[in-house]
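A quick write-up on the structure given underneath.
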Amino acid sequence: MNGAGGACPRAPGDVDVGSARPRLAGVRRRHARWDSLTEGERYAFALDDMEQLFGPVVRSEYTGVGATQSRTRARYALGQAAMFTPGQLHDLHPATRTVEGRVHFAGEHTSLKPAWIEGALESAVRAFLEVDPR
Ligand SMILES: Cc1cc2nc3c(=O)[nH]c(=O)nc-3n(C[C@H](O)[C@H](O)[C@H](O)COP(=O)(O)OP(=O)(O)OC[C@H]3O[C@@H](n4cnc5c(N)ncnc54)[C@H](O)[C@@H]3O)c2cc1C
């Protein structure tokens with residue numbers, strides 16, 4: 001692992017995610033904060049976020065009843081997706097998509113948009129074209 005944080009090695013089917021990086025970093029920071037809260041603390045956190053979107057009506061309409069969940073702390077989920085540490089995407093990305101004989105690998109983790117549906121779909125197209133390039 002070099003941790004250089006440079007540009008990821010690209011291959012046909014990969015797309016530039018440069019413009020999405022600041023947004024992704026923000027989302028991951030929010031996830032980490034959410035995961036550190038207790039069940040009770042999450043309500044205030046969620047209400048603050050929803051108030052920014054919908055205004056003060058959120059608090060007046062809140063009944064005090066709800067449910068929250070931390071994916072990372074959920075017993076069976078243990079997270080939402082693989083979260084690469086700095087440098088890991090650069091180092092591991094080429095290997096995640098290496099064809100092994102007749103076996104082709106697809107899935108969000110093989111894309112340059114890990115943890116997103118868009119990455120899963122792009123990887124599906126890439127794997128399909130590997131199998132049938134016509
Ligand atoms: C709670 C949550 C919220 C999310 N929100 C968003 C969002 O808002 N926007 C967004 O873009 N992305 C979101 N994602 C991420 C997105 O859902 C995933 O990135 C995407 O679904 C991954 O698709 P995939 O095809 O790579 O893998 P998956 O959808 O996980 O598909 C893998 C499939 O393989 C099957 N499987 C596993 N092992 C085997 C086996 N041995 N044999 C046969 N089948 C097997 C599984 O059952 C599963 O159906 C969210 C994910 C979660 C969990």
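The values are calculated or read from the model by the stated rules, or taken from the named source; none is laboratory data. Just so we're clear, the structure is a prediction, and the values are computed from it rather than from any experiment. We place every Cβ from the backbone using ideal geometry, glycine too, and count neighbours over all the protein chains shown.
Here are a few things to note about the model shown:
- Condition check for residue 117 on (1) surrounded by fewer than 16 Cβ atoms within 10 Å (Cβ to Cβ); (2) assigned by TED's automatic domain parsing to the domain that holds residue 132; (3) more than 11 Å from the ligand (Cβ to nearest atom); (4) on the phi < 0 side of the Ramachandran plot: one failure, at (3).
Quick grid of which residues meet (1) near the ligand (Cβ under 10 Å from one of its atoms); (2) hydroxyl-bearing (Ser, Thr, Tyr); (3) part of a loop (DSSP other than H, G, I, E, B):
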{"site": "41", "(1), (2), (3)": "no, no, no"}
{"site": "66", "(1), (2), (3)": "no, no, yes"}
{"site": "76", "(1), (2), (3)": "no, yes, yes"}
{"site": "79", "(1), (2), (3)": "yes, no, yes"}
{"site": "86", "(1), (2), (3)": "no, no, yes"}
{"site": "95", "(1), (2), (3)": "no, no, no"}
{"site": "134", "(1), (2), (3)": "no, no, yes"}
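- Filter result for residue 112 (more than 10 Å from the ligand (Cβ to nearest atom), in a loop (DSSP other than H, G, I, E, B) and buried (at least 16 other Cβ atoms within 10 Å of the Cβ)): yes
- Extreme residue, farthest from the ligand (Cβ to nearest atom), among residues of the range 97-109 that are of a type in the set (Gly, Ala, Ser) and touching a residue at least 12 places away in the same chain (Cβ under 8 Å): 106
- Unmet requirement for residue 126, which otherwise passes all of (1) away from the ligand (no atom under 11 Å from the Cβ); (2) surrounded by fewer than 18 Cβ atoms within 10 Å (Cβ to Cβ); (3) charged (D, E, K, R): (2)
- Every pair of residues 6+ apart whose Cβ atoms lie under 8 Å, when the first sits in the range 53-81 and is surrounded by 10 or more Cβ atoms within 10 Å (Cβ to Cβ) while the second is among the hydroxyl-bearing types (Ser, Thr, Tyr): 66/43; 68/43; 79/72; 80/72
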